[in-house]
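Take a look at the structure below.
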Amino acid sequence: MPPIRTVDSIIAENKVVVFSKSFCPFCKKVKALFDELKVIYECLELDLMGDEGHILHQDLIKKTGQTSVPNIFINGKHIGGCDKTLALHADGTLQTMLDGTYREYDYDLVVLGGGSGGLAASKEAASLGKKVAVCDFVTPSPIGTTWGLGGTCVNVGCIPKKLMHTASLIGETLKDAPCFGWEVPENVKHDWARMVDEIQTYIKSLNFGYRKTLRENSVTYINAYAQFCDPSDPHKLKVTSKSKSYEITARKFLIAVGGRPKYPDIPGAKEFGITSDDIFSLPYCPGKTLIVGGSYIALECAGFLAGLGLDVTVMVRSILLRGFDQQMAKMIGDHMNKHGVKFLSECVPTSVERIEEGTPGLLRVSGKLKDGEVVSGNYNTVLFAVGREACTKNIGLAEIGVILNTDNGKVICDDEEKSSLDHVYAIGDVLDGRLELTPVAVEAGRNLAQRLYGGSTVRTDYSNVPTTVFTPLEYGCVGMSEDAAVALYGVDDIEVYHAHFQPLEFELSKRDNFISYAKLVCVKSEMERVVGFHVLGPNAGEITQGYALTLKLKATKSDFNRLIGIHPTCAEVFTTMNISKSSGAALQKTAC
Ligand code: FAD
Ligand code: NDP
């Protein structure tokens, strides 16, 4: 009589064992996978084994607690059923188990950076059953500003910026209010400290919410600075909190450490200057302010500070809003200038000195114009908005073999956000060659987690990403600038339709008379497909978000013509626009 087989004896004798039932579709799926991978496995069809099958099934339930089949073991280790096996295959772990290189890690995924991208990816991965940790640590700014969980957008970016933009728009509305019958007292004052206090209280509630959501999603939050510390072990991370330092391991890593503001390399910049990291929590009103830089952050900060009644100068090295449609950039500059923002163009700072202590104190800033002329001026505050640098210095990425772009320190990845190392990925502001915007980081994080652990094949589509510059008159756009379209298709193949329009809300006060502007950039040879959408006007962000879909769906100018507008809105201008630039006709002025 042959010896009685037990589950233990079977798994001890065979590298791969599938306990199956012949009719079970999930068992068939797993067997098909192993066949495809050319894995030699022992398959026991319990339903065809009579009493022995029944005894083995009871033994299996006792050993694993799992009642269903298939029930799989590799090298004596219990794997689980069909879903578990397929998930292990999807994330590459199954192969390591089969080829004997399998290693136990503390986590399936460790995310470096708890900002927009890192939080989205970690929650998604945890929801797919993975053991996930997020390391987030805020290194204080040179003047000591620090903040809570959530990254740039929530603490020192989109959220406080939009709220300060709103504060400045409310000031404009107050000026219009008498035309609508409101009796507004003269000399209405703005209280900077109160605004900052309200905004910071709101941000703290968001920080708390993020910590709570991580807990609810079973993501471990490690409030510590993360660094790869051992070039011979790229799965090991050193995490350093305020009180201790220790090591953790993970099968995969996601780099989502974002960036921090740069300072120009001039005397006094770090000692006396501030950046966007500081302005939103500055406890005192910045007073007369010099902003250095000519892009998103410089213009947005200049816009809301001027809107709050401050004396603001913007020092611009070359052009405004490099990479954006230059006709629109000029219109933004002109509008801001008309509203009191001064521009010091083609000028770079050379030094900052403190001439008076205080909050704010007084600073003397020297600069050099393009023709070499030296200029200087006194300001209470200098805010540098000269770009951002990736937080990849000193975290050991190059040492473990992750290839970085040597110009900007960002992580070079393929179309699936995978770096030069198979187990290291990057998303968000730290990912080379992609837009630095919150929704881009969030989308990339979710898609990546779904591909790694949810069997998805969906890649992030980085084309036609809409964006808005929240200057006093907002500028929203999606697709190509007119300049870029002409460069790509040739001037003869591009038609531009445009109109100035007057928002109804500006009519009574005659504010910004017909300064708002809209244009569609179309490719003639493709039935006037719209490849660029641009709008300068109130709520441009809201308008652009909806219309962005038309570019994704490859809409043509005639699709816009067939669309019926919503009256009275600013957005309806796009449904009635009929003056082309090439016609040379006088620019249409549309009022609601
Ligand atoms: P981040 O949000 O920067 O998160 C990275 C996190 O990692 C941070 O918390 C950082 O402290 C932490 N970290 C860094 N290194 C380590 C380490 N070694 N260990 C542990 N933690 C680490 N985008 C928009 O879409 N709309 C806007 O209106 C907008 N306005 C903006 C205004 C300003 C002033 C700024 C600065 C940015 C703005 N952005 C806006 C851009 C947006 O904030 C970023 O694109 C977005 O936050 C990027 O997310 P992320 O996850 O890549 O990185
Ligand atoms: P950018 O890199 O877009 O622009 C940097 C600006 O600083 C440029 O005007 C550049 O001039 C100037 N500059 C660079 N170095 C110097 C120097 N040494 N002296 C003087 N000027 C200098 O950076 P931002 O900080 O404005 O924005 C970073 C990113 O954050 C954006 O690309 C955007 O993705 C995101 N963001 C998004 C917002 C939104 O969605 N509304 C708002 C704010 C930020 P030059 O053109 O001559 O190089």
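Summary table
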| quantity | calculated |
| --- | --- |
| The chain pair-distance distribution - Cα-Cα, 20 Å bins, rounded % | 17, 41, 28, 11, 2, 0 |
| Environment charge at PHE208 (Cβ cut-off 15 Å; Lys +1, Arg +1, Asp -1, Glu -1) | +2 |
| Cα centre as origin, Lys/Arg/Asp/Glu Cβ charges: region 129-286 dipole, Debye | 980 debye |
| Rel. contact order, % - alpha carbon contacts under 8 angstrom, at least six apart, region 57-171 | 15 percent |
| Selected from PRO472, LEU448, HIS498, residue furthest toward positive end of dipole (region 448-531; charges at beta carbon) | LEU448 |
| Sparse-neighbour loop sites [trypsin sites (Lys or Arg not before Pro); region 66-125; at most 15 other C-beta within 10 Å; DSSP] | ARG103 |
| Antiparallel %, DSSP beta bridges [both residues in the chain], to 5 | 60 percent |
| Extension gain (nm, one decimal) between LYS262 and GLU373, 0.36 nm per residue minus Cα-Cα | 37.5 nm |
| Helix-only CD estimate at 222 nm, as mean residue ellipticity for the chain, using -39500 (n - 2.57) per DSSP H run (n ≥ 4) | -10000 deg cm²/dmol |
| Calculated from backbone phi, Karplus (6.51, -1.76, 1.60) coupling profile of region 71-79 in Hz, x at Gly/Pro | 10, 10, 10, 10, 6, x, 9, 6, 9 |
| Accessible surface of the chain [probe 1.4 Å, protein heavy atoms]: carbon and sulfur percent | 54 percent |
| Farthest positive-ward along the chain dipole, Cα basis, beta-carbon charges - from PHE304, TYR284, ILE543 | TYR284 |
| Cut-off under 5 Å, modelled amide H: who pairs with THR6 long-range | none |
| Placed amide H near SER516: partners under 5 Å, 5+ positions off or other chain | PHE501 |
| Charge tally in the Cβ shell below 11 Å around ILE543, where Lys, Arg are +1 and Asp, Glu are -1, ILE543 excluded | -3 |
| J(HN,Hα) series, region 512-522, from Karplus relation 6.51 cos²θ - 1.76 cosθ + 1.60, nearest Hz, glycine and proline x | 6, 3, 6, 8, 4, 8, 9, 8, 10, 9, 10 |
| Magnitude of the charge dipole, region 275-416, Cβ model with Lys/Arg +1 and Asp/Glu -1, debye to 20 | 500 debye |
| Å² per residue, accessible surface of region 457-592 at 1.4 Å | 45 Å² |
| Cβ-placed point charges (K, R +1; D, E -1), dipole of the chain about Cα centre in debye, nearest 20 | 500 debye |
| Region 169-251: mean projected area of Cα convex hull, nm² | 10.4 nm² |
| Net charge, ASP99 excluded, C-beta distance under 13 Å - Lys, Arg +1, Asp, Glu -1 | +3 |
| Residue (of GLY65, PHE34, LEU86) at the positive-pole extreme of region 13-92, dipole from beta-carbon charges | LEU86 |
| Mean separation of Cα contacts under 8 Å, 6 or more apart, over the residue count of region 411-459: relative contact order % | 27 percent |
| Full-extension gain in nm, LYS342 to LYS589, via 0.36 nm per residue minus C-alpha separation | 86.1 nm |
| Heavy-atom surface of region 118-253, accessible at 1.4 Å and reported per residue (Å²) | 52 Å² |
| Under Karplus coefficients 6.51, -1.76 and 1.60, residue-wise ³J(HN,Hα) of region 134-143 in Hz, glycine/proline x | 10, 9, 9, 8, 9, 6, x, 5, x, 8 |
| Surface per residue (accessible, 1.4 Å probe) for region 28-101, Å² | 53 Å² |
| For peptides 308-321, 337-350, sequence by mean Cβ density within 10 Å, most packed first | 308-321, 337-350 |
| Residues with amide H under 5 Å from that of ASN539, placed H, sequence gap 5 or more | GLU474 |
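The values are calculated or read from the model by the stated rules, or taken from the named source; none is laboratory data. In this text, all values refer to a predicted model and were calculated from it rather than measured experimentally. No Cβ is skipped: glycine too gets one built from the backbone with ideal geometry, and neighbour counts run over all protein chains shown. Accessible surface is based on the protein model in full, side chains and every heavy atom, while ligands, DNA and RNA are left aside. Shrake-Rupley method; radii C 1.70, N 1.55, O 1.52, S 1.80 Å.
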